Amino acid sequence: MLQLAKQQGKIVLVDPKGSDFSKYAGADLLTPNKSELKQIIGDWASEADLQEKAQNLRRSLNLRALLLTRSEEGMTLFTENTVTHVPAVAREVFDVSGA
């Protein structure tokens, strides 16, 4: 299905599941969370280590970009030429369950 969408000129965004990311090769954007990414590339010792491993994965899967969602730590976008981190913004939560 991914290749058919690409042949039709569609942008393919994937929220991956499972431990085989090879089936998502060629997607435009892959959006794993921290635990999903760790299953594939292993743990990282530092941000530099994460960047190297994430970029290696992005290249090996021929992705235009990889967006790592990091819960309260925000998200990090890896592209061919840049790594951009966007911190999470804390918001006040209101109880809307009723009185």
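Just so you know, all these numbers are worked out from the coordinates, no wet-lab data involved. Just so we're clear, the structure is a prediction, and the values are computed from it rather than from any experiment. So basically every Cβ, Gly included, is an ideal-geometry build from the backbone, and we count neighbours across all protein chains shown.
Working only within the stretch 12-24, note down all residues that are surrounded by fewer than 15 Cβ atoms within 10 Å (Cβ to Cβ) and under 21 Å from Val83 (Cβ atoms).
Leu13, Asp15
Taking the condition of being in contact with a Leu (Cβ under 7 Å, 6 or more places away or on another chain) and over 30 Å from Gln8 (Cβ atoms), how many residues in the stretch 35-58 meet it?
Going through the stretch 35-58, the residues in contact with a Leu (Cβ under 7 Å, 6 or more places away or on another chain) turn out to be 37, 40-41, 44, 54, 57-58.
Checking which are over 30 Å from Gln8 (Cβ atoms) leaves us with 41, 44.
The qualifying residues number 2.
Can Arg91 be described as of a type in the set (Lys, Arg), free of Cβ contacts under 8 Å to residues at least 24 places away in the same chain and loosely packed, with under 11 Cβ neighbours inside 10 Å?
On the way: of a type in the set (Lys, Arg): yes; free of Cβ contacts under 8 Å to residues at least 24 places away in the same chain: yes; loosely packed, with under 11 Cβ neighbours inside 10 Å: yes.
Answer is yes for this residue.
I'm trying to understand the selection: among the residues of the stretch 29-73, which are crowded, with 16+ Cβ neighbours inside 10 Å and of a type in the set (Ser, Thr, Tyr)?
Once the filter is applied, which keeps residues that are crowded, with 16+ Cβ neighbours inside 10 Å and of a type in the set (Ser, Thr, Tyr), the stretch 29-73 yields Thr31, Thr69.
Between a residue in the stretch 59-83 that is more than 16 Å from Leu13 (Cα to Cα) and any residue that is in a helix (DSSP H, G or I) and among the small types (Gly, Ala, Ser), which pairs come within a Cβ distance under 9 Å, given they are 6 or more apart or on different chains?
Listed pairs, sorted by first residue: Ser60/Ser22; Val83/Ala54.
Select from the stretch 1-57 the residues that are under 22 Å from Glu72 (Cβ atoms) and of a type in the set (Ser, Thr, Tyr) and write down the one among them that is nearest to the chain's Cα centre (by Cα).
Per the stated criteria, the residue is Thr31.
What is the number of the single condition among (1) loosely packed, with under 12 Cβ neighbours inside 10 Å; (2) in contact with a Leu (Cβ under 6 Å, 6 or more places away or on another chain); (3) among the polar types (S, T, N, Q) that Thr76 does not meet?
Going through (1) loosely packed, with under 12 Cβ neighbours inside 10 Å; (2) in contact with a Leu (Cβ under 6 Å, 6 or more places away or on another chain); (3) among the polar types (S, T, N, Q) one by one, Thr76 breaks only (1).
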